[in-house]
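Working notes, beginning with the structure itself.
The values are calculated or read from the model by the stated rules, or taken from the named source; none is laboratory data. All values derive from a computational prediction rather than experimental measurement. Here the Cβ positions follow ideal geometry from the backbone for every residue, glycine too, while neighbour counts run over all protein chains shown.
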C-alpha cells in the first residue's frame, strides 16, 4: 500500500505549487512520475518546469524528448513508470491503477473548483477503503503546505 498525500491548492495554481513539491522529491534523490489529465496540461507543465524551479528549472522529460530512464521527473498521460520512480504525482483528477507500486503519491487538486474538491473527497474515501494511508495537506496564505 502507498502513502497518499492530498494537496489542496487554495492560494496558488498548480504550476506555481508543483515546482516546490518536485524540488523536495529531487532533494531526497528520488524520482517521480507526473500524470496529467490532458495533452495541453502536459505541454504546459513541460514548458513551465523549465523556468519556475528554485534552480531556474526542474529536470524532467516526456515522451516527446524520450530517454525516460534518464529523467528524474517523467511527465505522462499514461499509467506508466519508465524511469523507476518511487513517487507518483497526480493532477487534474487522474487516477492510477498502479498506485500501490509507488511508495508515495501526491494527489494535487484545485480547492477553488467545487467539482475537483468533490472528486478529491471521493478519491480519499476510495483510497482509504483500499487500505492506503492518506494524509491531507492544505496550502497556507504564503503558499507553503500545512498538514491538517
Kindly indicate whether residue 112 is touching a strand residue (DSSP E or B) at 6+ places or on another chain (Cβ under 8 Å) and surrounded by 14 or more Cβ atoms within 10 Å (Cβ to Cβ).
no
Any chance segment 74-95 includes a residue that's touching a residue at least 60 places away in the same chain (Cβ under 8 Å), more than 13 Å from the chain's Cα centre (by Cα) and not in a loop (DSSP other than H, G, I, E, B)?
no
Might you let me know whether segment 104-113 holds any residue that is within 15 Å of residue 10 (Cα to Cα) and free of Cβ contacts under 8 Å to residues at least 60 places away in the same chain?
yes
By residue number, the members of segment 96-116 that are more than 22 Å from residue 143 (Cβ to Cβ) and in a helix (DSSP H, G or I) are 99, 100, 101, 115
Those residues of segment 9-32 which are touching a strand residue (DSSP E or B) at 6+ places or on another chain (Cβ under 6 Å), closer than 19 Å to residue 146 by Cα and outside any helix (DSSP H, G or I) amount to 9, 10, 11
Out of all the residues in segment 59-72, is one or more surrounded by 15 or more Cβ atoms within 10 Å (Cβ to Cβ), within 13 Å of the chain's Cα centre (by Cα) and modelled with pLDDT of 95 or more?
no
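Could you please let me know if residue 135 is within 19 Å of residue 22 (Cβ to Cβ), surrounded by fewer than 17 Cβ atoms within 10 Å (Cβ to Cβ) and touching a strand residue (DSSP E or B) at 6+ places or on another chain (Cβ under 9 Å)?
Numbers: within 19 Å of residue 22 (Cβ to Cβ): yes; surrounded by fewer than 17 Cβ atoms within 10 Å (Cβ to Cβ): yes; touching a strand residue (DSSP E or B) at 6+ places or on another chain (Cβ under 9 Å): yes.
For residue 135, the condition - within 19 Å of residue 22 (Cβ to Cβ), surrounded by fewer than 17 Cβ atoms within 10 Å (Cβ to Cβ) and touching a strand residue (DSSP E or B) at 6+ places or on another chain (Cβ under 9 Å) - is met.
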Any idea which of (1) surrounded by 15 or more Cβ atoms within 10 Å (Cβ to Cβ); (2) farther than 20 Å from residue 98 by Cα; (3) more than 14 Å from the chain's Cα centre (by Cα) is the one residue 14 doesn't satisfy?
(3)
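So is residue 119 in contact (Cβ under 8 Å) with a residue 60 or more places away in the chain, outside any strand (DSSP E or B) and surrounded by fewer than 18 Cβ atoms within 10 Å (Cβ to Cβ) or not? It would help to see each step written out before you state the result.
On the way: in contact (Cβ under 8 Å) with a residue 60 or more places away in the chain: no; outside any strand (DSSP E or B): yes; surrounded by fewer than 18 Cβ atoms within 10 Å (Cβ to Cβ): yes.
Judged against the criteria, residue 119 is not a match.
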Considering residues that are out of contact with any helix residue (DSSP H, G or I) (no Cβ under 9 Å at 6 or more places or on another chain), touching a residue at least 12 places away in the same chain (Cβ under 8 Å) and either buried (at least 19 other Cβ atoms within 10 Å of the Cβ) or part of a loop (DSSP other than H, G, I, E, B) (or both), the number found within segment 39-56 is 1
